Amino acid sequence: MSSLPCSLSGRCGGCPWIADPLPDQRQTKLQGLRDAAAAAGVTLPEELLVVDLGPGGLRDRADLSLGERDGAPILGLRALNDSDTLIDMAACPMMSPALEAWLKDFRQNLPALARGGARLRVSPTGDRGVWLDLPNEQIHALMVDGRWLRGLMAQAQVELGQRRKPLEDRLGALHLHRQ
């Protein structure tokens, strides 16, 4: 079986082994597991059961970076060999169809943000969520304006900041839930 086709292969840091055939990936990962077990003093059986879930469509969560290039928003992963470079990602063959649909919807009307992170997730029941890890100034500006965040709240559970506080609309004003 060959590797999974991806337009970002060799550039995106999300799947560093994607260009390798699946049997080679399996052997590399098994050797890494054996090395880690040996280093921890754990003995593994000679034969390990490896379950092949098939190529692609496996991820229901994605941790992405937000940024901007020439004033336009970008969303993606860091480059494979240059962590300062953000690779814009409109699709990913490793995402489940539900997560890829959420990525497409999330990218619409994305504001230009200097830097930050976004964790997109889809539950087994299809519920969507997003955690935005942004500088406080950006969170404040987005909450004061409210339009983009309210649009997200109509599509997903929204959490903000390093403490992942849920976003709430109280009497027409956006607030972070106090726990």
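On a full-extension model of 0.36 nm per residue, what is the gain between Arg147 and Asp60, subtracting their alpha-carbon distance, rounded to one decimal in nm?
28.7 nm
Decide, for segment 80-179, between rounded, prolate and oblate: order the square roots of the alpha carbon gyration tensor eigenvalues as a ≥ b ≥ c, take rounded if a/c falls under 1.5, and otherwise choose prolate if a/b is larger than b/c, else oblate.
Oblate, since a/c reaches 1.5 and b/c is not below a/b.
Just grab the label-to-label distance for Ser9 and Thr28, each label 7 Å out from Cα along the Cβ direction, in nm (one decimal).
Roughly 1.2 nm, to one decimal.
Which whole-percent values make up P(r) of segment 20-82 when all C-alpha to C-alpha distances are grouped in 5 Å steps starting at zero?
Going out from 0 Å in 5 Å bins, segment 20-82 shows 4, 11, 14, 15, 16, 15, 11, 7, 4, 3, 1 percent.
Between Arg163 and Ala19, with labels modelled 7 Å along Cα→Cβ, what's the label distance in nm to one decimal, could you check?
4.5 nm
Go ahead and run the numbers for FRET between Leu110 and Leu48, Cβ-Cβ distance against an R0 of 41 Å, rounding to 0.05.
With R0 = 41 Å, the Cβ-Cβ based efficiency is 0.45.
How high is the FRET efficiency from Ala154 to Asp70, r the C-beta distance, R0 22 Å, rounded to 0.05?
Values: r = 30 Å, r/R0 = 1.34.
Computed FRET efficiency for Ala154 and Asp70: 0.15.
Within the chain, which complete DSSP H helices have Cα atoms spanning at least 20 Å along the helix axis and a mean Kyte-Doolittle hydropathy of -1.0 or higher?
22-39
Going out from 0 in 5 Å bins, what whole percent of all Cα-Cα distances in the chain drops into each bin?
Final binned percentages: 1, 7, 14, 17, 16, 14, 11, 8, 6, 4, 2, 0, 0.
Rounded to the nearest 500 deg cm²/dmol, what is the calculated helix-only ellipticity per residue at 222 nm for the chain, with -39500 (n - 2.57) per DSSP H run of length n ≥ 4?
-8000 deg cm²/dmol
Percent relative contact order of the chain, based on C-alpha pairs within less than 8 angstrom and at least six residues apart?
RCO, the chain: 16 percent.
Using a Förster distance of 30 angstrom, determine the FRET efficiency expected from the C-beta separation of Ala37 and His177, and round it to 0.05.
Result of the calculation: an efficiency of 0.10.
Rule-based calculations on the coordinates, nothing more; no lab input. As the structure is a prediction and not an experimental result, all values here were calculated from the model. Reconstructed Cβ throughout: ideal geometry from the backbone, glycine too, with neighbour counts over all protein chains shown.
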